[in-house]
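Asker: One structure is given below, represented as structure tokens, and several questions about it will come after.
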Amino acid sequence: MRIGLYGGSFNPIHNGHIDVATAVKDEFALDRVLFMVAKDPPHKKVADGVDARTRFAMTQAGVGGVDGFFASDLELQRPGKSYTLYTVRDLREAYPKAEIYCIVGADMLLELSTWYEAETLLRETSFIGVGRSGVEGDLEAEAARLHEVYGASIYLSRFEGPHISSTAIRQAIEDALPIAQWIPQSVEAFIYEEGVYLPDDFQGMQQKLRQTLKEKRYKHTMGTVRCAIELAARYGADGKKARLAALLHDCAKFDIPTQIKLCAQYDVDITELLAISPAIIHGPLGAAIAKTEYGVTDEVVLSAIYWHTLCREKMTKLEKIIYLADKIEPNRDFAGVEAIREAARRGLDYGVLACMDRSIDYVHALDKALHPNVLRARTYIREHIKEDGN
């Protein structure tokens, strides 16, 4: 058996890590690649204070289901400092007949001689070096030097790893910018559902909300957050407002009797809405709860929450984004959702119209009443749709 040992903090694991491991596994005919998550270093925190167990869980999410890829917490289980030499020896004990190859990036390869007991480590295991743009240094010359000085077996991959920065990913999350282009979808879902890297005030509201929602509704909510951030970036809206409105768009999604009681408590007039459909009252009620219970004062955000079930003429860009994100977030799988997603890629208004058309057909098929706002909003968008659809 040929095993690749790929160590790192994976904070978070991203497509660059996956691409490197895939290329090296194929090029060197490895049977498996172990993503070895580094433990929390003593006397200091990993960037953004993300603990090792969370990083391990993210890594599991990222490589789960990929043939031959496994997340390992071996270093997390070992007491004291974790050095690569100890990890290699533990692996040799677990896999006595295996060939172990340590996979390292160009920057790490250039520093191998400074590692703990480097001479012993280089004698006991082989290394595969992967180049990366922007890293200065002659990898071939260093590999030859390590072989001459230590007798090391250093192999250089033909693959050049993409330049993806974990720091940039963490900053993008902080700034409510899309990250889907950089990380596996499973990792993105984990990050948002667990509140990793998100601002403290947002995490506080998120944790409070999670206690009130069923797990399926919570996952839908965080999927809506991800989708709203993407739509905001694509169509020039404020990502932080979109993130907040999406988080709280279903904060009033309780059973109908509870919603009716809360409407009385928060003085939300739902006389007309009840006559049409109780299913739409959580929009207006949600705006009241977001303001009263979550301290939201931004009227633009509150309006997006309020109108996401009703729609209206002259919908703001944020109102359209929340209305649409609610319907096409990644967890949605109803018949016709892909057509709406495709329309949304064409333009925001096109996506909203496709969503309205589907909702109208669905309500009519059930022989239920439709709030007239939806028809008026659709007519208005059709008459005023821009050439670029946003």
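The values are calculated or read from the model by the stated rules, or taken from the named source; none is laboratory data. The shown structure was predicted, so the numbers you read here are calculated from the model rather than taken from an experiment. Here the Cβ positions follow ideal geometry from the backbone for every residue, glycine too, while neighbour counts run over all protein chains shown. With ligands, DNA and RNA removed, areas are computed over all heavy atoms of the protein, side chains included. Shrake-Rupley method; radii C 1.70, N 1.55, O 1.52, S 1.80 Å.
Asker: In nm, what is the difference between 0.36 nm times the number of residues separating Asp31 and Gln77 and their Cα-Cα distance?
Answerer: Fully extending the segment from Asp31 to Gln77 adds 14.2 nm.
Asker: Can you tell me how region 43-106 classifies by the Cα gyration tensor, rounded, prolate or oblate, using a/c under 1.5 as the rounded cut? All intermediate terms of the calculation are to be shown ahead of the outcome.
Answerer: Details: a/c = 1.87, a/b = 1.23, b/c = 1.52.
Since a/c reaches 1.5 but b/c is at least a/b, the shape of region 43-106 is classed as oblate.
Asker: Just to be sure I understand the model, the point goes 7 Å from the Cα along the line to the Cβ. What's the resulting Ala180 to Arg53 distance in nm?
Answerer: Taking the simple label geometry, Ala180 and Arg53 are separated by 3.2 nm.
Asker: Which residues' amide hydrogens lie under 5 Å from the amide hydrogen of Val33, considering only partners 5 or more residues apart or on another chain, with H built in the peptide plane?
Answerer: Gly4, Phe69, Phe70
Asker: Share of region 2-110's accessible area from carbon and sulfur, percent, 1.4 Å?
Answerer: Here carbon and sulfur together make up 50 percent of the probe-accessible area.
Asker: Here's another thing I want to ask about it. Which shape class applies to region 263-323: rounded if a/c is under 1.5, otherwise prolate when a/b exceeds b/c and oblate if not, where a ≥ b ≥ c are the square roots of the Cα gyration tensor eigenvalues? Could you put the intermediate results ahead of the total?
Answerer: Values: a/c = 2.40, a/b = 1.11, b/c = 2.16.
The shape class here is oblate.
Asker: Which FRET efficiency value, to the nearest 0.05, do you get for Thr292 and Lys214 by plugging their Cβ-Cβ distance into 1/(1 + (r/R0)^6) with R0 = 22 Å?
Answerer: My answer for the efficiency is 0.50.
Asker: With springs only between Cα atoms under 10 Å, which of Gly351, Gly16, Gly49 fluctuates most in a Gaussian network model of the chain?
Answerer: Gly49
Asker: Right, next: Report, for the chain, the % of DSSP beta bridges that are antiparallel, rounded to 5. Write out the running numbers ahead of the final one.
Answerer: Working: 0 of 25 bridges.
So the antiparallel bridges in the chain amount to around 0 percent.
Asker: Here is a further query. Which of the three applies to region 170-213, rounded, prolate or oblate, going by the alpha-carbon gyration tensor with a ≥ b ≥ c and a/c under 1.5 meaning rounded?
Answerer: Note, shape of region 170-213 comes out oblate.
Asker: Just Val37, Val352, Val363 to compare: in a GNM of the chain, with alpha carbon springs under 10 Å, which one fluctuates most?
Answerer: Looking only at Val37, Val352, Val363, the largest GNM fluctuation is found for Val363.
Asker: Out of region 85-140, which chymotrypsin sites (Phe, Trp or Tyr not before Pro) are coil in DSSP terms and have no more than 14 other C-beta atoms within 10 Å?
Answerer: Here the sparse-neighbourhood loop sites are Tyr116.
Asker: May I ask you to compute the full-extension gain from Glu99 to Asp357, defined as 0.36 nm times their residue separation minus their alpha-carbon distance, rounded to one decimal in nm?
Answerer: 87.0 nm
Asker: Where in region 341-360 does the label zone of Lys314 land, with the point 7 angstrom along Cα→C-beta and an amide N cut-off under 19 Å?
Answerer: Residues 349 qualify, since their backbone N sits under 19 Å from the label point.
Asker: If you don't mind, there's one more thing I want to ask. Counting other Cβ atoms within 10 Å, keep those with at most 12, restrict to DSSP loop, and tell me which trypsin sites (Lys or Arg not before Pro) in region 277-365 are left.
Answerer: Qualifying residues, ordered by number: Lys314.
Asker: Could you provide, to the nearest whole Å², the per residue accessible area of region 1-143 with probe 1.4 Å?
Answerer: On the way: 6670 Å² over 143 residues.
Counting only protein heavy atoms, the per-residue value for region 1-143 is 47 Å².
Asker: Just subtract the alpha-carbon distance of Arg123 and Ser153 from 0.36 nm times their residue separation and send over the number in nm, one decimal.
Answerer: 10.0 nm
Asker: Something else now. Using the 2.2 N^0.38 Å rule of thumb for compact globular proteins, work out how the chain stacks up: its C-alpha Rg over that value, please.
Answerer: Values: Rg = 25.9 Å, N = 390, 2.2 N^0.38 = 21.2 Å.
So the Cα radius of gyration is 1.22 times the expected 2.2 N^0.38 Å.
Asker: In whole percent, and with a 1.4 Å probe on the protein chains, what portion of the accessible area of region 128-190 is carbon and sulfur?
Answerer: 48
Asker: Something else about it: How large is the charge dipole for region 110-191, taken about the Cα centre, if only the Cβ atoms of Lys, Arg (+1) and Asp, Glu (-1) carry charge, to the nearest 20 debye? Could the numbers behind the result be given before it?
Answerer: Working: 5 positive and 13 negative charges, 46 e Å.
In total the dipole reaches around 220 debye.
Asker: For the chain, set up a GNM with springs between Cα atoms under 10 Å and report which of Ala57, Ala29, Ala344 has the largest fluctuation.
Answerer: Top of the fluctuation ranking is Ala29.
Asker: Please identify every one of the trypsin sites (Lys or Arg not before Pro) in region 70-130 that sits in a loop by DSSP and has no more than 16 other beta carbons within 10 Å of its own beta carbon.
Answerer: Lys81, Lys97
Asker: In terms of solvent-accessible area of protein heavy atoms at a 1.4 angstrom probe, what is the ranking of His308, His163, highest value first?
Answerer: These residues rank, largest area first, as His163, His308.
Asker: Let me ask something else about it. Go ahead and collect, in residue order, the members of region 260-300 whose backbone nitrogen is under 13 Å from a label point 7 Å along the Cα-Cβ direction of Ala369.
Answerer: 270-281
Asker: Determine the alpha carbon to alpha carbon distance for each of Lys39/Lys241; Lys214/Lys327; Lys253/Lys368 and list only those over 26 Å.
Answerer: Numbers: Lys39/Lys241 35 Å; Lys214/Lys327 18 Å; Lys253/Lys368 20 Å.
Too far apart for the 26 Å limit: Lys39/Lys241.
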